[in-house]
Each structure stands twice: as C-alpha cells, then as structure tokens.
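Heads up, the thing below is written out as structure tokens.
A short reminder: the numbers here are calculations on the coordinates, not readings from a lab. Quick caveat: nothing in here was measured; it's all calculated off a predicted structure. All Cβ positions, even for glycine, are placed from backbone atoms using ideal geometry, and neighbour counts span all protein chains on display.
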Amino acid sequence: MTTSDKAIITCAVTGVLTDPSRFPVPVTAAEMAASAKEAYDAGATIMHLHFRNQTPGMGYMPTWDPDVAAEVTSAVREACPGVIINMSTGTFGPDVSEQVACMERIRPEIAACNAGSLNYLKTRKDGDWAWPPMVFDNPVDKVQTMLDAMRRTTTLPEFECFDVGIVRSVGLYADNGMCEHPHYNFVMGVASGMPIDVDLLPLLLKYIRAGCGWEVTAIGRQDIWPLHQKTADLGGWLRTGVEDTFYLPDGSRARGNGDLVEAIARCARNAGREVASPDEARVAIGLV
C-alpha cells in the first residue's frame with residue numbers, strides 16, 4: 001500500500017457555537033490540546049480548529065483574537081507532534097480581516113475556504129424556523145481575498161462545498177487561475193444543503209477536477225456513518241469530530257473526539273486502508 005492509498009483523518013475539534021455546558025466540546029487551550037491528543041492517538045493527523053472566547057462563561061462564543069488562536073494552536077502542536085493544522089475561516093459578511101490576521105499569526109498548513117453562498121436554513125418539527133433565515137455569503141471577491149491570504153501564508157485551501165453548484169464553482173475558480181489543483185470538502189447534512197446520502201457521493205466525484213483530493217464533512221447523528229464508510233471505500237480523506245456529531249455508529253453518545261476518530265479509523269480499515277501517520281499525510285498532501 002502506498003502513502004497515497006492510506007486514509008488521512010481530520011478531527012474537527014470543537015466547532016463554532018455548541019454550548020460546552022451541555023456538550024463535550026473543548027474551549028480552553030488546555031482542553032483543546034487534550035482533546036486533540038485523544039484524536040491524534042486514535043489516528044487523526046489533521047486538526048480542524050475553531051477558536052472560542054476565553055472569557056469565563058463565554059466559551060460558547062467564537063473569537064478571532066490572534067493571541068487566542070496562537071495559544072490554542074501552539075498547545076495542539078505541542079501535544080501532537082507533527083500534527084497538521086487546518087484553521088476554520090467561516091464568517092458572515094464581507095470583512096475577513098480578523099480571519100486573515102489569525103491565519104498570518106499561526107500560519108496553518110491548511111485552511112477552510114468556503115467556496116460559495118448558501119441560504120442557511122432549518123425548521124423545527126412544527127415548521128417554524130429554528131433560527132432567522134440567513135445567507136452564508138461567500139461571493140467570489142471574498143473567496144479571492146481568502147485565497148490571496150492563504151497564498152501569502154503558504155496555506156493549502158480546503159474548498160468547503162455545500163451544494164453541487166458550489167462543487168462546480170471550484171472548477172471555475174481553477175479555470176480562472178484563482179487556484180490550482182483544488183482540494184474539495186463535500187459538506188453534507190446541512191438542512192438547506194446537500195443531504196446525508198450515500199448515493200449522492202459517487203455523483204459528486206464526477207464534478208471534481210481529475211487527480212484532486214476530496215473528503216466529506218458529514219453533519220448528523222447515527223445516520224452519517226454509512227456515508228463515512230462510503231467515503232473510505234471510494235478513497236477520500238476522512239473527517240469526524242464533535243463539531244460534526246456526538247454519535248457513534250451504534251447510536252450511543254461519544255465521550256469526545258477520541259471515540260469518534262476510533263470509529264472512523266475502523267471505516268478506513270473496513271475498506272482495506274491503513275491510517276496515515278503525520279509524516280505520511282504530509283507527503284501525500286504535498287506539505288514536504
């Protein structure tokens with residue numbers, strides 16, 4: 001088995017707004033490092049990081065303070081030798097100066113690049129909106145600003161695609177010279193985006209550029225695990241973590257990121273794939 005055949009596993013360590021008083025999401029640098037270490041020991045070589053407000057009682061809110069970003073990232077890197085950092089960049093509105101400042105401070109190897117706009121919607125059982133309808137706005141000039149910053153920091157963009165049109169848009173970015181050899185992340189499970197659908201995944205692969213890497217962010221409960229297995233079977237990178245789910249394949253609640261990464265590593269092995277080490281992942285991604 002070559003390095004490129006091995007499964008590269010990402011752990012989405014905490015997420016954006018999940019309340020740490022109700023769910024097992026890490027907030028402080030020490031908590032982030034400890035949770036990342038559990039995921040790393042289970043096979044994750046990439047840590048997708050969001051940064052939380054460190055003010056007491058405010059850990060359910062995000063922050064773009066470069067000092068917090070640096071503290072968290074340094075703690076994770078120290079706890080997980082050779083780990084690859086993947087920084088979140090998602091924000092509403094055109095101003096990405098805070099995200100760019102964090103990127104310039106920590107210089108992550110990978111960063112999310114939300115590749116298109118989406119009506120971000122969800123309804124409750126009674127049909128009422130779960131939150132006021134909003135647009136997750138990612139027009140081309142905003143995407144270009146993020147790509148320019150990533151070029152300066154030698155950061156690999158991970159294009160997050162919430163629907164099929166956004167997948168196709170990434171190819172147009174490449175045609176236009178905005179990027180080369182894009183890496184795709186199919187975000188599946190947002191109520192107004194692509195569904196958790198095993199049958200959809202092979203179709204999506206028809207619309208990516210030849211030879212490009214891809215992965216799936218599967219958001220949901222127990223229903224996401226057949227999609228993870230299909231991703232492993234088809235040769236994609238694998239991603240899980242408490243940003244995306246709290247549920248294991250048997251429907252039980254995960255204690256944290258270590259449990260989830262152990263489960264997704266089993267998906268890789270079920271597909272006959274070994275799990276990549278940090279060094280192997282760096283070679284496969286082209287970071288060395």
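For the chain, give the share of DSSP beta bridges that are antiparallel, in percent and rounded to the nearest 5; count only bridges with both residues there.
Antiparallel bridges make up about 15 percent of those DSSP assigns within the chain.
Could you grab the relative contact order for the chain? Cα pairs under 8 Å, six or more apart, rounded to a whole percent.
23 percent.
Using the Karplus curve 6.51 cos²θ - 1.76 cosθ + 1.60 with θ = phi - 60°, work out ³J(HN,Hα) for each residue of the range 124-129 in order, rounded to whole Hz, and write x for Gly and Pro.
Karplus values, whole Hz, x for Gly and Pro: 7, 4, 7, x, 5, 5.
Can you show me the helix-derived [θ] at 222 nm for the chain, built from DSSP H runs with n ≥ 4 at -39,500 (n - 2.57) apiece and divided by the number of residues, rounded to the nearest 500.
-10500 deg cm²/dmol
So I have (i) 19.4, 67; (ii) 17.6, 52; (iii) 32.9, 113, and one of them is Rg and Dmax of the Cα atoms in Å calculated from this model. Which one is it?
Working out Rg and Dmax of the Cα atoms in Å from the coordinates points to (ii).
Going 7 Å from the Cα of ASP199 toward and past its Cβ, which residues in the range 228-252 have a backbone nitrogen under 20 Å from where you end up?
Flagged as within label range: 228-234.
To the nearest 0.05, how large is the calculated FRET efficiency for MET61 and GLU180 if R₀ is 41 Å and r is the Cβ-Cβ distance?
0.70
Could you name the aspartates and glutamates whose alpha carbon sits less than 17 Å from that of LYS122, not counting residues in the same chain fewer than 8 places away?
Of all the aspartates and glutamates, those that pass the test against LYS122 - Cα under 17 Å, at least 8 places apart if same chain - are ASP137, ASP163, ASP244.
Kindly flag which residue pairs out of LYS6/LYS37; LYS142/LYS206; LYS206/LYS230; LYS6/LYS206 have an alpha-carbon separation exceeding 25 Å in this structure.
Distance filter (> 25 Å) returns LYS142/LYS206.
So if each residue of separation counts as 0.36 nm, and I subtract the Cα-Cα distance between LEU121 and ARG105, what length gain in nm does that give?
2.4 nm
What's the center-to-center distance, using Cα atoms, between the range 31-76 and the range 137-162 in Å?
Taking the Cα centre of each part, the range 31-76 and the range 137-162 sit 21 Å apart.
Compute the distance in nm between two label points, each set 7 Å from the Cα along the Cα-to-Cβ direction, one at ASP5 and one at ARG22.
4.6 nm
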